[in-house]
Number of protein chains: 2
Amino acid sequence: MSHKVLLDYGSGGRASHRLIRDLFLKHLHSPGLSRLDDAALIQDLSGPLAMSTDTFTIYPLFFPGGDIGSLAVHGTVNDVAMLGAVPKYLSCAFLLEEGLEMHELEKIVRSMALAANNCGVQVITGDTKVVPRGAADRIFINTTGIGRVIADPAPSGSSAEPGDAVLISGTMGDHGLAVLAHRQGMDFETAIISDSRPLNDLTVQLIREVGQIHVFRDPTRGGLATTLNEIALQSALEIIILEDRIPVSQEVQAGCSFLGLDPLYMANEGKFICILPEILADKALKVMRSHTAGKDAALIGHVQEGHRGRVVLRTSLGGQRLLDMLEGEQLPRIC
Amino acid sequence: MSHKVLLDYGSGGRASHRLIRDLFLKHLHSPGLSRLDDAALIQDLSGPLAMSTDTFTIYPLFFPGGDIGSLAVHGTVNDVAMLGAVPKYLSCAFLLEEGLEMHELEKIVRSMALAANNCGVQVITGDTKVVPRGAADRIFINTTGIGRVIADPAPSGSSAEPGDAVLISGTMGDHGLAVLAHRQGMDFETAIISDSRPLNDLTVQLIREVGQIHVFRDPTRGGLATTLNEIALQSALEIIILEDRIPVSQEVQAGCSFLGLDPLYMANEGKFICILPEILADKALKVMRSHTAGKDAALIGHVQEGHRGRVVLRTSLGGQRLLDMLEGEQLPRIC
């Protein structure tokens with residue numbers, strides 16, 4: 001194969017087949033993928049199912065704590081997990097710019113394979129398109145995931161109830177700040193590392209050992225503040241958050257303060273919000289804190305009747321302010 | 001909303017929500033999509049399942065007989081159908097370039113909605129990313145589809161058997177030539193129109209009324225010649241094709257001859273190959289010809305032991321030549 005991606009690799013012809021065999025199948029082998037049919041056959045999955053899709057356009061492709069490949073696996077696996085499901089299969093569609101370095105592509109595919117393995121999912125069907133130079137920025141990846149929903153009923157942003165506790169699985173803002181700092185070539189004294197990681201192991205444990213999960217949601221684009229607003233709107237309730245309970249690492253706090261950014265609006269790729277009856281909060285926190293994905297878990301607030309769709313932040317000084325949804329783009333191409 | 005796509009529309013914040021509500025939900029309404037959760041919940045689908053993904057990068061976005069929106073629905077629906085399945089749900093991920101005209105996006109989304117309706121599928125989950133000007137060429141769309149496999153066993157490129165008949169559902173080369181001609185601004189006397197259309201209604205009918213389908217495959221990128229080569233390789237058998245049996249419209253024949261192109265290597269988006277026991281060929285042809293998707297169906301050859309992975313074309317003059325797989329790109333961005 002050439003050391004750069006050629007237009008021919010997206011042709012569907014012989015060159016495409018070589019790319020599939022020598023690169024994709026080499027790393028992402030699974031019984032489904034190796035059949036090379038138009039679609040993958042799934043024999044061992046029964047409903048109810050969760051299905052989620054995401055296209056990843058992150059820039060730069062490689063960042064501290066991950067790359068577009070691992071992120072594309074974690075992101076979709078986590079979205080499937082948020083519906084109370086066990087993620088099982090992924091499709092993976094590559095959109096490549098002519099001229100992309102093959103060694104970069106291989107590094108990304110290898111990272112996807114490792115991430116899929118860590119999450120317990122298989123890539124079973126795929127697609128590759130190559131567009132001419134200038135028609136795309138190096139590589140975009142779409143992953144679509146499916147899995148079996150094991151929570152009954154399935155958690156939903158619209159299922160929060162008055163009296164529910166709001167938990168968060170860890171520190172806020174790490175992914176957004178890590179990507180931004182790396183993009184700008186900033187060096188902080190302590191490296192800030194993306195939190196990109198799978199969450200499905202912990203969410204499944206919470207469903208099985210605690211139950212009654214009303215909401216799971218990962219605060220990715222728009223951060224914690226925007227995601228809580230979505231939930232408040234969907235459930236038509238008010239959410240009260242206590243500022244000094246929100247875990248933010250010292251490094252992220254310092255970095256955000258230096259750059260004038262708010263960690264509550266920064267993207268996370270390895271954290272989730274869990275909303276459930278207050279009486280189960282301690283049990284859920286215990287489960288979360290004994291798992292590496294939830295070691296910094298905290299109870300940060302509660303849900304109440306009141307102004308529908310509103311999120312209120314109680315500050316450490318006793319004041320309170322509305323925590324609004326992000327209007328536009330704080331930081332493009334973060335995922 | 002602005003009359004052009006802004007970076008803010010991909011932020012996950014308020015601007016994204018407006019785009020989802022005022023554009024995507026307006027046209028693509030489905031119970032799953034309106035829940036606005038991280039993943040869609042599917043209650044009414046049991047296995048075995050077929051899953052397929054495709055990213056569409058076609059240029060130009062609008063062409064005689066379709067557009068990127070309808071193509072993105074038909075393409076994935078057809079790939080799911082080729083596994084002997086009833087396509088049911090689609091995910092849809094938009095990758096937009098900042099500055100894309102909103103009226104174009106709306107036209108595309110409306111076309112997707114219409115196509116999904118015609119195919120009997122629902123778009124149940126989605127994603128929107130916006131990248132800065134120059135980082136993508138206007139719009140790319142990924143669709144991933146799932147459905148229930150009703151053929152037992154599921155057809156596969158590896159299931160052709162010696163003695164099987166090779167049928168094709170209609171004329172070859174229409175999509176590829178239509179896109180190429182439109183791209184180059186060529187005017188033929190008779191307009192050449194893409195054959196982009198759903199095939200699932202006819203494939204389901206063939207499974208139910210004829211049965212024993214060994215292979216379904218749609219000859220898209222690389223055309224009939226490349227797809228037959230894939231099947232010959234997967235099944236480790238030889239395929240013999242009779243040139244004068246292959247339906248090609250007069251317009252496509254004239255256009256291809258004028259441009260020096262071979263219709264057997266041109267992409268199709270509304271045709272399929274059907275391979276099944278010779279004894280069932282007449283029955284299958286009858287079913288195909290009484291359906292609009294198969295009115296020009298023809299028996300074009302057979303499968304035999306012999307040189308594994310080889311496709312031989314018997315010409316009208318009695319000669320024969322190897323029909324090789326396309327090496328590289330005959331025409332980029334055809335789907």
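The values are calculated or read from the model by the stated rules, or taken from the named source; none is laboratory data. Predicted, not measured: the structure shown is a model, and the values here were computed from it. Cβ placement follows ideal geometry from the backbone for every residue including glycine, while neighbour counts extend to all protein chains displayed. The protein model used for the area step is the full one, side chains on, heavy atoms only, and it has no ligands, DNA or RNA in it. Shrake-Rupley method; radii C 1.70, N 1.55, O 1.52, S 1.80 Å.
Of the residues making up the range B:293-309, those that are buried (at least 19 other Cβ atoms within 10 Å of the Cβ) and either part of a loop (DSSP other than H, G, I, E, B) or within 21 Å of the chain's Cα centre (by Cα) (or both) are B:293, B:294, B:297, B:298, B:300. Residue A:219: under 19 Å from the mean Cα position of the chain (by Cα), modelled with pLDDT of 95 or more and open to solvent by 10 Å² or more (accessible area, probe 1.4 Å), yes or no? No; evaluated as a whole, the condition is false for this residue. If I go through the range A:9-25 residue by residue, how many of them are touching a residue at least 60 places away in the same chain (Cβ under 8 Å) and among the charged types (D, E, K, R)? Count: 0.
Close Cβ contacts (under 7 Å, 6 or more residues apart or on different chains) running from residues in the range A:30-55 that are closer than 30 Å to residue A:334 by Cα to residues that are open to solvent by 30 Å² or more (accessible area, probe 1.4 Å) and outside any helix (DSSP H, G or I) comprise A:30/A:122; A:33/A:126; A:49/A:148; A:50/B:41; A:52/B:38; A:53/B:126. Looking across A:278, A:327, one residue alone is assigned by TED's automatic domain parsing to the domain that holds residue A:205 and either touching an Asp or Glu at 6+ places or on another chain (Cβ under 8 Å) or in contact (Cβ under 8 Å) with a residue 12 or more places away in the chain (or both). It is A:278.
Of the residues making up the range A:197-205, one or more are touching a residue at least 12 places away in the same chain (Cβ under 8 Å), of a type in the set (D, E, K, R) and assigned to a loop (DSSP other than H, G, I, E, B). Taking the listed residues B:116, B:93, B:72, the one that is assigned to a strand (DSSP E or B) and touching a strand residue (DSSP E or B) at 6+ places or on another chain (Cβ under 7 Å) is B:93, with no other qualifying.
When the residues of the range B:88-105 are narrowed to those that are under 30 Å from residue B:207 (Cα atoms) and open to solvent by 10 Å² or more (accessible area, probe 1.4 Å), which ends up nearest to the other protein chains (Cβ to nearest Cβ)? Applying the filter and picking the extreme gives B:89.
Among the listed residues B:155, B:162, which satisfies the condition of being open to solvent by less than 10 Å² (accessible area, probe 1.4 Å), in a loop (DSSP other than H, G, I, E, B) and touching a strand residue (DSSP E or B) at 6+ places or on another chain (Cβ under 9 Å)? First the steps, then the outcome.
Numbers: B:162 fails: open to solvent by less than 10 Å² (accessible area, probe 1.4 Å).
Answer to the check: B:155.
Check B:134, B:145, B:126 and return the single one that is assigned to a strand (DSSP E or B), at the interface with chain A (Cβ under 10 Å from one of its Cβ atoms), open to solvent by 10 Å² or more (accessible area, probe 1.4 Å) and under 30 Å from residue A:138 (Cβ atoms). Steps first, answer last, please.
Values: B:134 fails: assigned to a strand (DSSP E or B); B:145 fails: open to solvent by 10 Å² or more (accessible area, probe 1.4 Å).
Just a single option satisfies the conditions, and that option is B:126.
Return the only residue of B:36, B:6 being open to solvent by 10 Å² or more (accessible area, probe 1.4 Å) and facing chain A (nearest Cβ under 7 Å).
Working: B:6 fails: facing chain A (nearest Cβ under 7 Å).
One residue alone meets the criteria, B:36.
Inclusion of residue B:138 among residues that are in contact with a Leu (Cβ under 8 Å, 6 or more places away or on another chain) and on the phi > 0 side of the Ramachandran plot is warranted. Scanning the range B:244-292 for residues that are open to solvent by less than 40 Å² (accessible area, probe 1.4 Å) and part of a helix (DSSP H, G or I) gives B:252, B:255, B:256, B:263, B:264, B:265, B:280, B:281, B:284, B:285, B:287, B:288. Against the definition (in contact with an Asp or Glu (Cβ under 6 Å, 6 or more places away or on another chain) and in a helix (DSSP H, G or I)), how does residue A:8 come out, yes or no? Yes; evaluated as a whole, the condition is true for this residue. Taking the conditions (1) in contact (Cβ under 8 Å) with a residue 24 or more places away in the chain; (2) open to solvent by 20 Å² or more (accessible area, probe 1.4 Å); (3) not in a helix (DSSP H, G or I) in turn, residue B:208 satisfies each one other than (3).
Could you check, for the range A:75-87, whether at least one of its residues is assigned to a helix (DSSP H, G or I), open to solvent by less than 20 Å² (accessible area, probe 1.4 Å), touching a residue at least 60 places away in the same chain (Cβ under 8 Å) and away from every other protein chain (no Cβ under 14 Å)? Don't jump to the end; show me each part of the working.
The first filter runs over the range A:75-87 and keeps only residues assigned to a helix (DSSP H, G or I), leaving A:75-81.
Among the residues that remain, those that are also open to solvent by less than 20 Å² (accessible area, probe 1.4 Å) are: A:75-81.
Okay, now just the ones that are also touching a residue at least 60 places away in the same chain (Cβ under 8 Å), so A:75-81.
Then keep just the ones that are away from every other protein chain (no Cβ under 14 Å); that gives none.
No, the range A:75-87 has no match at all.
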